[in-house]
1. Just tell me, in residue order, which DSSP H segments of the chain are both 30 angstrom or longer along the helix axis (alpha-carbon based) and at least 1.0 in mean Kyte-Doolittle hydropathy.
2. Longer than 24 Å from Cα to Cα, which of 18/72; 4/47; 27/72 are they? Say none if no pair is.
3. Please figure out what share of the DSSP beta bridges in region 34-73 is antiparallel and state it in percent, rounded to the nearest 5.
4. Between residue 34 and residue 72, take the C-beta separation as r, use R0 = 25 Å, and let me know the FRET efficiency to the nearest 0.05.
5. Roughly how large, in nm² to one decimal, is the mean projection of the convex hull of the alpha-carbon atoms in region 2-99?
6. Quick one: which residues, 5 or more positions from residue 72 or on another chain, have an amide H under 5 Å from its amide H? H modelled 1.01 Å from N in the peptide plane, none for Pro or chain starts.
7. Counting only other residues whose beta carbon sits under 11 Å from that of residue 48, what net charge do I get with K and R as +1, D and E as -1?
8. Hey, what do the phi angles of region 49-58 turn into as Karplus ³J(HN,Hα) couplings, whole Hz, using 6.51/-1.76/1.60 and θ = phi - 60°, x for Gly and Pro?
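Derivation of every value follows stated rules applied to the coordinates shown; laboratory data play no part. All of these numbers come straight from a predicted model, not from anything done at the bench. Positions of Cβ are generated from backbone atoms using ideal geometry, with glycine treated the same way; all protein chains shown enter the neighbour counts.
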Amino acid sequence: MVIKWSDFSKSNMQDFVKYSKMETPIKYIENLVLSVSSLENYPEAGKVLFYTNNIAVRQLIYKMHRIIYRIKDNEIHIGAVLHTSKDLESSLKFANRFFN
């Protein structure tokens, strides 16, 4: 399977690096991306959040971030990378708009 990152998910990670108070935000993001790469072999590892157009929108948690994604046409589409402190309901509303 191929993993495709949306522009929004890329900007989420860039913002994290830019505004993070961590000493090593780039290493954190590198490890997050490595964690997401495990979806190539285990695409259904993430918890199903909801269905849209008969396609499951899933969530994979990596430390402080929710990776929101779906599987379609043998591709994994990463829609957003959101901090876990963000309200899940708001995150789901966003994800629903992204995947429709």
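1. none
2. As for pairs spanning more than 24 Å Cα to Cα, those are 18/72; 27/72.
3. The antiparallel proportion sits near 100 percent.
4. Step by step, r from the Cβ atoms, then E = 0.65.
5. About 5.9 nm², averaged over all directions.
6. 77
7. +2
8. These are the phi-based 3J(HN,Hα) values: 8, 6, 10, 9, 6, 6, 10, 6, 9, 10 Hz.
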